[in-house]
Amino acid sequence: MSRLNRVDMSFLQAQSSISIDVEKRPGAVTADGMESDIAILLNLLRDVCSATFFVTGEVASAKPETIRDISREGHEVACHGLYHENFDMLEPSEQFRRIQIATNNIANVAGSKPVGFRAPRHRVNAATLQTLEALGYVYDSSVLPRTPFMAPEARKKWRFLFAPVIPYRPARTNIARKGNSSILEVPCSTLLFPFVSSLSMRSGSISDIVASLLLRRSKLTGSPIVYYLHSYDSGWDEGKMSWLRRVIHILQRGHVEFLTMRQLALSYMTSNTGP
């Protein structure tokens, strides 16, 4: 990116996306309970913003009407794999097979093919990226830059420590480095700590600080603010979601533009077509 583009970006309105990983509840054999988890989230987000729900192909098949509810409310339905699996442990051919099945499951239920992907537990590698290219995806949001504190198995994500915080085209052989992939990597936001529900639920004060600093960084550098949670987090705090309301309030106070991940990716690609 040219120096001129870097300067121009500092005057852009801060952009943010609320992203939700939709998978079975921890330890559950079936997707039971998914309906109430999603209903709470849809009710909270209604008249606030459109979000992106990264749905596993397994859940799309088990709870098609719930996934249609997400789409009918104007939210984006993206892909979160077939099951909640570690893609970096799978052979390339098996990654392709599972992501292709998940893509078809989601398209059949939501009515349109997903264009965004997030690997479960952020366990992604070069083969995953190449599969997304082959299947016509537009963006990925699996990278967690600049933080050593991302459970589970944080050491598996240390390769992301020096990844860019601003959306970038990754190298086909290393998703944490810039290159010439057709996929746009939209990293999840971190500032030493990841900007996620687990932090917000455990320490609202630290989450507030991270949100405020990310907002400042966004206005200075053009990096979007990508917050994420899990659908089953909606049951915490008896479904009142006070911690998520608090996050949204801080971002609203900073006059951010809320976008889906797809809108955010397309906006970034459109505004950064120069050298």
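The values are calculated or read from the model by the stated rules, or taken from the named source; none is laboratory data. Note that this is a predicted model, so its numbers are computed, not measured. Virtual Cβ from ideal backbone geometry, glycine too; neighbours counted across all protein chains shown.
General observations
- Listed by first and then second residue, the pairs linking a residue in the stretch 235-251 that is under 16 Å from residue 215 (Cα atoms) and basic (Lys, Arg) to a residue that is surrounded by 14 or more Cβ atoms within 10 Å (Cβ to Cβ) and at pLDDT 90 or above, with Cβ atoms under 8 Å apart and 6 or more places separating them unless they lie on different chains, are 246/200; 246/207; 246/208.
- Boolean, residue 229 is over 22 Å from residue 169 (Cβ atoms) and either in contact with a Gly (Cβ under 9 Å, 6 or more places away or on another chain) or buried (at least 22 other Cβ atoms within 10 Å of the Cβ) (or both): yes
- Of the residues making up the stretch 24-42, not one is of a type in the set (S, T, N, Q) and either at pLDDT 95 or above or under 13 Å from the mean Cα position of the chain (by Cα) (or both).
- For the stretch 43-89, a tally of residues being under 17 Å from residue 262 (Cβ atoms) and more than 18 Å from the chain's Cα centre (by Cα) returns 2.
- Restricting the stretch 1-23 to residues that are modelled with pLDDT under 90 and part of a loop (DSSP other than H, G, I, E, B), the residue that is nearest to residue 251 (Cα to Cα): 13
- Helices (runs of 4 or more DSSP H) enclosed by the stretch 120-232 - at least 2 residues per element that are closer than 17 Å to residue 54 by Cα and modelled with pLDDT of 90 or more: 126-134
- Meets criteria (buried (at least 21 other Cβ atoms within 10 Å of the Cβ), part of a helix (DSSP H, G or I) and at pLDDT 95 or above) for residue 70: yes
- Scanning the stretch 24-67 for residues that are closer than 21 Å to residue 198 by Cα, among the small types (Gly, Ala, Ser) and not in a loop (DSSP other than H, G, I, E, B) yields 36, 39.
- Residue in the stretch 101-120 that is farthest from residue 181 (Cα to Cα), counting only those that are crowded, with 20+ Cβ neighbours inside 10 Å and in contact with a Pro (Cβ under 8 Å, 6 or more places away or on another chain): 109
- Scanning the stretch 212-250 for residues that are touching a Lys or Arg at 6+ places or on another chain (Cβ under 9 Å) and β-branched (Val, Ile, Thr) yields a count of 2.
- Filter pass, residue 244 being under 19 Å from residue 165 (Cα atoms), of a type outside the set (Phe, Trp, Tyr) and either modelled with pLDDT of 95 or more or not in a strand (DSSP E or B) (or both): no
- Hey, residue 179 closer than 21 Å to residue 268 by Cα, surrounded by 14 or more Cβ atoms within 10 Å (Cβ to Cβ) and in contact with a Leu (Cβ under 6 Å, 6 or more places away or on another chain) or not: no
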